[in-house]
1. Take the residues of segment 204-221 that are assigned to a helix (DSSP H, G or I) and under 17 Å from the mean Cα position of the chain (by Cα): which is surrounded by the fewest Cβ atoms within 10 Å (Cβ to Cβ)?
2. Within the group His142, His62, His85, which residue is assigned to a strand (DSSP E or B), modelled with pLDDT of 95 or more and closer than 26 Å to Lys32 by Cβ?
3. Got a number for residues in segment 71-82 being closer than 19 Å to Leu40 by Cα and not in a loop (DSSP other than H, G, I, E, B)?
4. Looking only at segment 187-221, count how many residues are without any contact (Cβ under 8 Å) to a residue 40 or more places away in the chain, over 20 Å from Tyr23 (Cβ atoms) and in contact with a strand residue (DSSP E or B) (Cβ under 7 Å, 6 or more places away or on another chain).
5. May I ask you to list the residues in segment 125-139 that are surrounded by 21 or more Cβ atoms within 10 Å (Cβ to Cβ) and outside any loop (DSSP other than H, G, I, E, B)?
6. I need a count of the residues in segment 187-197 that are out of contact with any Phe, Trp or Tyr (no Cβ under 9 Å at 6 or more places or on another chain) and either part of a loop (DSSP other than H, G, I, E, B) or buried (at least 19 other Cβ atoms within 10 Å of the Cβ) (or both).
7. Check off (1) closer than 19 Å to Ser72 by Cβ; (2) crowded, with 16+ Cβ neighbours inside 10 Å for Tyr23 and give me the number that stays unchecked.
Amino acid sequence: MHPSEVLFQGKRQPLLLAACDHYAGSEKLMRKSIALQQELGPLFDITFDCEDGASAGNEEAHALMIAGLLASDENQFNRIGVRVHDVDSPFFVRDVEIICSAASRLAYIAVPKVAGVQDAMLAIDLINLHARRAGRDNLPVHILIETHGALRDAYAIAALPQVECLSFGIMDFVSAHYGAIPAAAMRTPGQFTHPLVVRAKLEVAAACHAHGKVPSHNVTT
């Protein structure tokens, strides 16, 4: 008898995502990423970035450009997501409205810097409002764990049905400690050895495994 026949498997199979999520902020890098995805196939996901990608004063035009790329024939596999501005940003609502206009071709929306589960729920409610107007229900959402509050609520956030991934954001997480974690912890080997960073990654991973979601290691260079 094989172990798979007798060991507890749980009622819900965990979600599966590509092993790599490639972030691109400028139009040039977005098109370069799309070309590579077309060449290799959907072996990796792409995240277009509204948060760090848009230049000051150009936020709406940047989001409109992204929506155009999502809806274009270049998006062959529908495996491109978008990171919008955080929920406290004056650009968050407009980002979501514009990006969700292409919801039928969108892989997911990534929401950064949530302060806790209430922020995540607020973001999901707004995403659903605009995605449904574009004919899409249950658009997957990725939540970035970058704050003390989000880490505290990691289990509750992972339990939200629409959330498919918790992604650790090491740079803002380290910044939130005001020097208690050195900058060296944002690089290797520190990102794998500093106790507070290791503890955070373990919490994110445990929360995801408890709810069949995908834990994502932080953006790296």
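1. Selected residue: His209.
2. His142
3. Count: 2.
4. 1
5. Within segment 125-139, Ile127, Ala131 meet the criteria.
6. Within segment 187-197, the subset out of contact with any Phe, Trp or Tyr (no Cβ under 9 Å at 6 or more places or on another chain) is 187-195.
Still in the list and also either part of a loop (DSSP other than H, G, I, E, B) or buried (at least 19 other Cβ atoms within 10 Å of the Cβ) (or both): 187-189, 191, 194.
The total comes to 5.
7. Going through (1) closer than 19 Å to Ser72 by Cβ; (2) crowded, with 16+ Cβ neighbours inside 10 Å one by one, Tyr23 breaks only (1).
Okay, residues lined up against (1) in contact (Cβ under 8 Å) with a residue 12 or more places away in the chain; (2) surrounded by 23 or more Cβ atoms within 10 Å (Cβ to Cβ); (3) touching a strand residue (DSSP E or B) at 6+ places or on another chain (Cβ under 6 Å):
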position: Ile46; (1), (2), (3): yes, yes, yes
position: Gly57; (1), (2), (3): no, no, no
position: Glu60; (1), (2), (3): yes, no, no
position: Leu64; (1), (2), (3): yes, no, no
position: Ala71; (1), (2), (3): yes, no, no
position: Glu74; (1), (2), (3): yes, no, no
position: Phe77; (1), (2), (3): yes, no, no
position: Val82; (1), (2), (3): yes, yes, yes
position: Pro90; (1), (2), (3): no, no, no
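The values are calculated or read from the model by the stated rules, or taken from the named source; none is laboratory data. Predicted, not measured: the structure shown is a model, and the values here were computed from it. Cβ: placed from backbone, ideal geometry, glycine included. Neighbour counts: every protein chain shown.
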